[in-house]
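Chemist: Okay, handing you the structure first.
The values are calculated or read from the model by the stated rules, or taken from the named source; none is laboratory data. Small disclaimer: the values here were computed from a predicted structure and weren't measured. Reconstructed Cβ throughout: ideal geometry from the backbone, glycine too, with neighbour counts over all protein chains shown.
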Amino acid sequence: MNAIIAINAAYVEAKGKTFFTYQFMFDNPLTSDGFINDTLEHLRQTSRVGVSRGDEQQIEQALRTFAALVRVYAAIDYASIGASKTHAHLAAGYLTGEVERLVPHNMPDVLMEGVRLMGQCADILLVAEGPNGIRTLVQKIGIIGCCGVAKEDYRPVTSTSVEQLSRLTFDLLRTRAREIKFAAQEIRGSMSFLAKLFLAVPDTPLSSTHSTFLGPYYSATSMEALPARLVALTNVVAGAEAQDESAQQVISNLEDWADGMYQSEKELLLAGC
């Protein structure tokens, strides 16, 4: 698998700026790259073989390779400002598809690793392309996290999905890219959808199931949860100089992120009552 990653990195470097990106409403056959397509397809087959054998290690190796290729392809220079990272999105799509196909196979540990890798890929695309690059992955993470509602063995998958959405929210607030509003709404929508479904699960009297598995996003007592990290970020911004561009960007991001929040949070509050 390491050899596959290295070969693809060398291929991307050798091909340089001759890659073509997807363009809205224009179908360019040169966008498709045979070498990359063959690589991803063979990896997909490797993952499927691992599923058929019940070989969790083989599946995880294939998933990690997909994630590593997302990083490799995100470095492609399309020689166009604002170009979509087409091939990185293609690899991320393969990764997401294989993670989704694991849901019926009772492999919670592999599924958790797949969700973590999807979160890492979203971070890569956030840096390489900007907020709009993470929207599909955010949707998929939220959907996969819902599997813990129907199956108790998959509750850790729900917690992992919530952790990834929480972390992506925090990373989005710190990005230097502009216009995070739509991506923030996507994360909030995915988190709200997941939380509403999970609130339908009967809670336990002593150790709250809801608090345990939704805590990474909502908990006010955990130092690793989003609220505590927001407090730390706000304190840093409050102590910055007025001319600090990074602080100004964070303030602008916080404003975009908070826009319309009352709608989803009010619905959750009523659902939890």
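Chemist: Being in a loop (DSSP other than H, G, I, E, B) and not β-branched (Val, Ile, Thr) is the filter; apply it to the stretch 1-25 and report the residue that is modelled with the lowest pLDDT.
Modeler: Taking the stretch 1-25 and keeping what is in a loop (DSSP other than H, G, I, E, B), we get 1, 19-22, 24-25.
Cutting the leftovers down to not β-branched (Val, Ile, Thr) gives us 1, 19-20, 22, 24-25.
On the way: Met1: 95, Phe19: 90, Phe20: 87, Tyr22: 77, Phe24: 61, Met25: 58.
If we take residues in the stretch 1-25 being in a loop (DSSP other than H, G, I, E, B) and not β-branched (Val, Ile, Thr), then Met25 is modelled with the lowest pLDDT.
Chemist: Give me a count of the residues in the stretch 117-171 that are among the polar types (S, T, N, Q), in contact with a Phe, Trp or Tyr (Cβ under 8 Å, 6 or more places away or on another chain) and under 20 Å from Ser211 (Cα atoms). Please lay out each step first, then the result.
Modeler: Start the filter on the stretch 117-171 by keeping residues that are among the polar types (S, T, N, Q), which leaves 120, 132, 136, 139, 158-161, 164, 166, 169.
After this cut, where a residue has to be in contact with a Phe, Trp or Tyr (Cβ under 8 Å, 6 or more places away or on another chain) as well, the list is 132, 158-159, 166, 169.
Applying the additional criterion that residues be under 20 Å from Ser211 (Cα atoms) yields 158-159, 166, 169.
Of the residues in that region, 4 qualify.
Chemist: Which one is farthest from Leu165 (Cα to Cα) among residues in the stretch 223-237 that are hydrophobic (A, V, I, L, M, F, W, C) and in contact with a helix residue (DSSP H, G or I) (Cβ under 7 Å, 6 or more places away or on another chain)? First the steps, then the outcome.
Modeler: Start the filter on the stretch 223-237 by keeping residues that are hydrophobic (A, V, I, L, M, F, W, C), which leaves 223, 225-226, 228, 230-233, 236-237.
From what's left, in contact with a helix residue (DSSP H, G or I) (Cβ under 7 Å, 6 or more places away or on another chain): 225-226, 233, 237.
Values: Ala225: 11, Leu226: 10, Leu233: 17, Val237: 22 Å.
The residue in question is Val237.
Chemist: Okay, next question. Just checking, which of Ser166, Ser222, Ser252, Ser246 is surrounded by 16 or more Cβ atoms within 10 Å (Cβ to Cβ), farther than 18 Å from Gly133 by Cβ and not aromatic (Phe, Trp, Tyr)? Don't jump to the end; show me each part of the working.
Modeler: Values: Ser222 fails: surrounded by 16 or more Cβ atoms within 10 Å (Cβ to Cβ); Ser252 fails: surrounded by 16 or more Cβ atoms within 10 Å (Cβ to Cβ); Ser246 fails: surrounded by 16 or more Cβ atoms within 10 Å (Cβ to Cβ).
The unique qualifying residue is Ser166.
Chemist: Just checking, how many residues over the stretch 250-260 are in contact with a helix residue (DSSP H, G or I) (Cβ under 7 Å, 6 or more places away or on another chain) and not in a loop (DSSP other than H, G, I, E, B)?
Modeler: 6
Chemist: Go through the residues of the stretch 182-191 one by one and say whether even a single one is in contact with a helix residue (DSSP H, G or I) (Cβ under 6 Å, 6 or more places away or on another chain), in contact (Cβ under 8 Å) with a residue 12 or more places away in the chain and farther than 16 Å from Asp256 by Cα.
Modeler: Yes, there is a match, as at least one residue in the stretch 182-191 is in contact with a helix residue (DSSP H, G or I) (Cβ under 6 Å, 6 or more places away or on another chain), in contact (Cβ under 8 Å) with a residue 12 or more places away in the chain and farther than 16 Å from Asp256 by Cα.
Chemist: Now, a different point. Being out of contact with any strand residue (DSSP E or B) (no Cβ under 7 Å at 6 or more places or on another chain) and either among the basic types (Lys, Arg) or free of Cβ contacts under 8 Å to residues at least 40 places away in the same chain (or both) narrows it down to one residue among Pro216, Pro131, Pro202; which is it? Break it down stepwise before answering.
Modeler: Numbers: Pro216 fails: either among the basic types (Lys, Arg) or free of Cβ contacts under 8 Å to residues at least 40 places away in the same chain (or both); Pro131 fails: either among the basic types (Lys, Arg) or free of Cβ contacts under 8 Å to residues at least 40 places away in the same chain (or both).
After applying the criteria, what remains is Pro202.
Chemist: Restricting the search to the stretch 26-55, which residues are charged (D, E, K, R), out of contact with any Phe, Trp or Tyr (no Cβ under 9 Å at 6 or more places or on another chain) and either buried (at least 17 other Cβ atoms within 10 Å of the Cβ) or at pLDDT below 90 (or both)?
Modeler: Filtering the stretch 26-55 for residues charged (D, E, K, R) gives 27, 33, 38, 41, 44, 48, 53, 55.
Filter again for out of contact with any Phe, Trp or Tyr (no Cβ under 9 Å at 6 or more places or on another chain), leaving 27, 38, 48, 53, 55.
Within the stretch 26-55, Asp27 is the sole residue that qualifies.
Chemist: Based on this model, can you work out whether Val103 counts as β-branched (Val, Ile, Thr) and under 23 Å from Glu163 (Cβ atoms)? Spell out the reasoning first.
Modeler: Numbers: β-branched (Val, Ile, Thr): yes; under 23 Å from Glu163 (Cβ atoms): yes.
Here the answer is yes, as Val103 does meet what is asked.
Chemist: Oh, and also: So if I check each of Gly93, Gly119, which one is closer than 14 Å to Ala74 by Cβ and either modelled with pLDDT of 95 or more or part of a helix (DSSP H, G or I) (or both)?
Modeler: Details: Gly119 fails: closer than 14 Å to Ala74 by Cβ.
From the options Gly93, Gly119, the qualifying one is Gly93.
Chemist: Search the stretch 188-210 for residues being of a type in the set (Ser, Thr, Tyr) and either outside any helix (DSSP H, G or I) or under 22 Å from the mean Cα position of the chain (by Cα) (or both), and hand back the single one that is surrounded by the most Cβ atoms within 10 Å (Cβ to Cβ). So that I can check it myself, show each step before the final result.
Modeler: Let us first name the residues in the stretch 188-210 that are of a type in the set (Ser, Thr, Tyr), namely 190, 192, 204, 207-209.
Now restrict to residues that are either outside any helix (DSSP H, G or I) or under 22 Å from the mean Cα position of the chain (by Cα) (or both): 190, 192, 204, 207-208.
Details: Ser190: 24, Ser192: 18, Thr204: 11, Ser207: 8, Ser208: 12.
If we take residues in the stretch 188-210 being of a type in the set (Ser, Thr, Tyr) and either outside any helix (DSSP H, G or I) or under 22 Å from the mean Cα position of the chain (by Cα) (or both), then Ser190 is surrounded by the most Cβ atoms within 10 Å (Cβ to Cβ).
Chemist: Only one residue in Ala220, Ala247, Ala240 is modelled with pLDDT of 90 or more, in contact with a helix residue (DSSP H, G or I) (Cβ under 7 Å, 6 or more places away or on another chain) and not in a helix (DSSP H, G or I). Which one? Please lay out each step first, then the result.
Modeler: On the way: Ala220 fails: modelled with pLDDT of 90 or more; Ala247 fails: not in a helix (DSSP H, G or I).
When all the criteria are applied, what remains is Ala240.
Chemist: Another question about this same structure. Starting from the stretch 71-84, take each residue that is more than 10 Å from Thr21 (Cβ to Cβ) and free of Cβ contacts under 8 Å to residues at least 60 places away in the same chain and list its partners that are hydroxyl-bearing (Ser, Thr, Tyr) and surrounded by 13 or more Cβ atoms within 10 Å (Cβ to Cβ), counting only C-beta distances under 7 angstrom and pairs at least six apart or across chains.
Modeler: From the stretch 71-84, no pairs qualify.
Chemist: Yes or no: Arg44 of a type in the set (Lys, Arg) and either touching a strand residue (DSSP E or B) at 6+ places or on another chain (Cβ under 9 Å) or farther than 20 Å from Arg135 by Cα (or both)?
Modeler: Numbers: of a type in the set (Lys, Arg): yes; either touching a strand residue (DSSP E or B) at 6+ places or on another chain (Cβ under 9 Å) or farther than 20 Å from Arg135 by Cα (or both): yes.
For Arg44, the condition - of a type in the set (Lys, Arg) and either touching a strand residue (DSSP E or B) at 6+ places or on another chain (Cβ under 9 Å) or farther than 20 Å from Arg135 by Cα (or both) - is met.
Chemist: From (1) under 15 Å from Thr158 (Cα atoms); (2) within 18 Å of the chain's Cα centre (by Cα); (3) not hydrophobic (A, V, I, L, M, F, W, C), pick out the condition that doesn't hold for Asn106.
Modeler: Condition not satisfied by Asn106: (2).
Chemist: How many residues are among the aliphatic types (A, V, I, L, M) and surrounded by fewer than 18 Cβ atoms within 10 Å (Cβ to Cβ) if we restrict to the stretch 56-86?
Modeler: Pass one, the stretch 56-86, residues among the aliphatic types (A, V, I, L, M): 59, 62-63, 67-70, 72, 74-76, 79, 81, 83.
Filter once more, so that each one left must be surrounded by fewer than 18 Cβ atoms within 10 Å (Cβ to Cβ): 75, 79, 81, 83.
Final tally of qualifying residues: 4.
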